[in-house]
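Enquirer: The following block contains the structure, expressed as structure tokens.
The values are calculated or read from the model by the stated rules, or taken from the named source; none is laboratory data. Because the structure is predicted, anything quoted here is derived from the model rather than measured. Because the Cβ atoms are built from the backbone with ideal geometry, glycine has one as well, and the counts that use them run over all protein chains shown. Calculation scope for accessible area: heavy atoms of the full protein, side chains included, ligands and nucleic acids excluded. Shrake-Rupley method; radii C 1.70, N 1.55, O 1.52, S 1.80 Å.
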Amino acid sequence: MVLQRDPICLACGRRASTQVDHVRNKASGGTDDPANLRGICDACHAAKTAAEGRAGMARKRKQRP
């Protein structure tokens, strides 16, 4: 459904959407509601996932006593 709604990557606008992405990731309180989902390409999804991973690691380092 999401890939049909968003056939072109909503992150870069250049490539076909091949992945369904959570706009706000579940670890940050995002849901599976269609309003929080978007179609993006493999490259943009990989870059976003890597950035979210780095941000999560940085948060963990700050929480250490």
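Enquirer: Could you work out the relative contact order of the chain, using alpha carbon pairs under 8 angstrom and six or more residues apart, expressed as a whole percent?
Expert: Working: 82 pairs, mean separation 20.5, N = 65.
That works out to 31 percent.
Enquirer: Would you compute, from DSSP H runs of 4+ residues alone, the mean residue ellipticity of the chain at 222 nm, taking -39500 (n - 2.57) per run and dividing by the full residue count, rounded to the nearest 500?
Expert: Values: 2 runs with 26 residues, N = 65.
It comes out at -12500 deg cm²/dmol, rounded to the nearest 500.
Enquirer: Leaving out ligands, DNA and RNA, and with a 1.4 Å probe, what % of the accessible surface on the chain is carbon or sulfur?
Expert: Values: 2630 of 4610 Å².
Carbon and sulfur: 57 percent of the exposed surface of the chain.
Enquirer: Cut-off 10 angstrom, C-alpha nodes, Gaussian network model of the chain. Which of 21, 32, 42 fluctuates the most?
Expert: Looking only at 21, 32, 42, the largest GNM fluctuation is found for 32.
Enquirer: Can I ask one more? How much accessible area per residue does the chain have, in Å², with a 1.4 Å probe?
Expert: Working: 4610 Å² over 65 residues.
Dividing the accessible area of the chain by its residue count gives 71 Å².
Enquirer: Could you give the angle, 0 to 90 degrees to the nearest 10, between helix 42-63's Cα long axis and the longest principal axis of the Cα atoms of the chain?
Expert: That works out to roughly 20 degrees.
Enquirer: While we're here: Take the Cβ-Cβ distance between residue 64 and residue 31 as r, set R0 to 30 Å, and report the resulting FRET efficiency rounded to the nearest 0.05.
Expert: Working: r = 29 Å, r/R0 = 0.97.
Computed FRET efficiency for residue 64 and residue 31: 0.55.
Enquirer: Multiply the residue separation of residue 4 and residue 24 by 0.36 nm, subtract the distance between their alpha-carbon atoms, and state the gained length in nm to one decimal.
Expert: Working: separation 20, 0.36 × 20 = 7.20 nm, distance 2.02 nm.
Between residue 4 and residue 24, full extension yields 5.2 nm more.
Enquirer: With a ≥ b ≥ c the root eigenvalues of the C-alpha gyration tensor of the chain, is it rounded (a/c under 1.5), prolate (a/b larger than b/c) or oblate?
Expert: Oblate.
Enquirer: So, in nm, how far is label residue 50 from label residue 14 when the simple model puts each one 7 Å beyond its Cα toward the Cβ?
Expert: 1.5
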